[in-house]
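Working notes, beginning with the structure itself.
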Amino acid sequence: MTTVAPGPVAGGAAPAPRPPVAVAVPRTLDEALALLAEDGAAVLGGGVGHTLARHHRIPAEGRTLVSVAGLPGLAGVRTGDDGSLTVGAATRLAACAADPVLARVWPVVAEACGVVATARIRRLVTLGGNIAARDDAHDPPVALTAAGATLTVRGARTGTRTLTPADLAGGGAGLRHGELIESVVLPPRPEGAATGSAYEKFLVRGVWEYACVHVAAVVGLDGRTTGGAGRLSLAVGSVEGGPVAVALDDLLGAPVDEALIAEAARRAAATTRPYDDVKGSAAYKTRMIAEFARRALTRAAGRARATAQHRGGDR
């Protein structure tokens, strides 16, 4: 077990009293869960969040940080017999962005992981840690919401539970004491339907800041109709309670054309509540949500059509 000292305060001011933090490195997941069940324990993944908290002298989440990033079986992308993808919670965002299977099946998720902050940050941050932070401005939870992902959560006292990214959103119950996210499960693409997905992120200044708005879209073409929508998913981040899934079920079956995309984008702007901050007013962000929802849906629909044409050429 390693002890992290409080360290000096920027500017030379005397540091406020702060107890040191111990770092435990378990060898197995069961050992990690047992440690997390103790009072004063917290999960340590990539360490970015904890490092920033200590830099800004924010009170520590726990007296003992349980390092899980190196646990066997907790990282990597695996394909199930049904075509679903299981992404280990300790998988770094850079690895998610570079994974060829994830990029082919769910490009919206690979894209979202690939635009988080800077390359250095993406090599550190884990997927599970990014989700567990419960920050409406984080990219991957928005993409995972649109894709219909579920989270496998485990705790020594609570057992195994299945949650959604929305359960960890601002208004959700969140993780219980001693729990961690074990994996993220992405559903298989529907049989007989050509599906495309895309992620759009609007930055006001540079890659180091959070998005002004960001939107993830999934479009599936129903093979039984001529260009009809077999699936429509749209999720918006950087809004109150985000990520927020936009209700579009009543548009299923309609042709995937400019009118449908415009209506879906209008709903995204009308049913979400952005907030004023240094990146823009709520009114400005509402207009940007409509625009970037249109872009995400247009790219997702284009990818779905390209998949349909490829399948047609194979027959």
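Between a first residue in the range 94-118 that is within 14 Å of Val184 (Cβ to Cβ) and touching a residue at least 12 places away in the same chain (Cβ under 8 Å) and a second residue that is open to solvent by less than 20 Å² (accessible area, probe 1.4 Å) and in a loop (DSSP other than H, G, I, E, B), which pairs have beta carbons less than 8 Å apart while being 6 or more apart in sequence or on different chains?
Qualifying pairs under 8 Å: Val109/Ala149; Ala112/Asp139; Cys113/Asp139.
Give me the residue from the range 165-189 that is under 12 Å from the mean Cα position of the chain (by Cα) and within 15 Å of Gly237 (Cα to Cα) and, out of that set, surrounded by the most Cβ atoms within 10 Å (Cβ to Cβ).
Pro165
Restricting attention to the range 87-109, which residues are open to solvent by 30 Å² or more (accessible area, probe 1.4 Å) and assigned to a helix (DSSP H, G or I)?
Ala94, Ala95, Ala97, Ala98, Pro100, Val101, Ala103, Arg104
Collect the residues in the range 271-291 that are within 13 Å of Cys212 (Cβ to Cβ), open to solvent by 20 Å² or more (accessible area, probe 1.4 Å) and not in a helix (DSSP H, G or I), keeping them in residue-number order.
Tyr275, Asp276, Asp277, Val278, Lys279, Ser281
Please determine, by comparing only the residues of the range 1-38 that are at pLDDT 95 or above and in a loop (DSSP other than H, G, I, E, B), which one is most open to solvent (accessible area, probe 1.4 Å).
Arg27
Could you check how many residues of the range 221-251 are out of contact with any Ser or Thr (no Cβ under 8 Å at 6 or more places or on another chain), more than 15 Å from Ala304 (Cα to Cα) and without any contact (Cβ under 8 Å) to a residue 40 or more places away in the chain?
The total comes to 3.
Just to be sure I understand the filter: pairs with C-beta atoms under 8 Å, separated by 6 or more residues or on different chains, first member in the range 158-169 and under 22 Å from Ala143 (Cβ atoms), second member open to solvent by 50 Å² or more (accessible area, probe 1.4 Å) and among the small types (Gly, Ala, Ser). Which pairs pass?
Pairs found: Ala166/Ala245; Asp167/Ala173.
Are any residues in the range 232-270 open to solvent by 70 Å² or more (accessible area, probe 1.4 Å), over 20 Å from Val108 (Cβ atoms) and under 22 Å from the mean Cα position of the chain (by Cα), and if so, which ones?
Matches in the range 232-270: Glu240 only.
When Gly196 is evaluated against the numbered criteria (1) of a type in the set (Gly, Ala, Ser); (2) out of contact with any helix residue (DSSP H, G or I) (no Cβ under 8 Å at 6 or more places or on another chain); (3) open to solvent by less than 20 Å² (accessible area, probe 1.4 Å), which criterion, by number, is the only one it fails?
All conditions are met except number (2).
Restricting to the range 118-137, give me the number of residues that are open to solvent by less than 30 Å² (accessible area, probe 1.4 Å) and farther than 18 Å from Leu180 by Cα. Talk me through it step by step, then tell me what you get.
The first filter runs over the range 118-137 and keeps only residues open to solvent by less than 30 Å² (accessible area, probe 1.4 Å), leaving 125-128, 130-131, 137.
Then keep just the ones that are farther than 18 Å from Leu180 by Cα; that gives 137.
Result for the range 118-137: 1.
Considering only the range 292-308, I want to know if a residue exists there that is in contact (Cβ under 8 Å) with a residue 40 or more places away in the chain, exposed (fewer than 15 other Cβ atoms within 10 Å of the Cβ) and not basic (Lys, Arg).
yes
The values are calculated or read from the model by the stated rules, or taken from the named source; none is laboratory data. Please read all numbers here as calculations on a predicted model, not as lab measurements. Here Cβ is always computed from backbone atoms with ideal geometry, including for glycine, and neighbour counts include all displayed protein chains. Just so you know, the surface numbers come from the protein's heavy atoms only, side chains and all, with ligands and any DNA or RNA stripped out. Shrake-Rupley method; radii C 1.70, N 1.55, O 1.52, S 1.80 Å.
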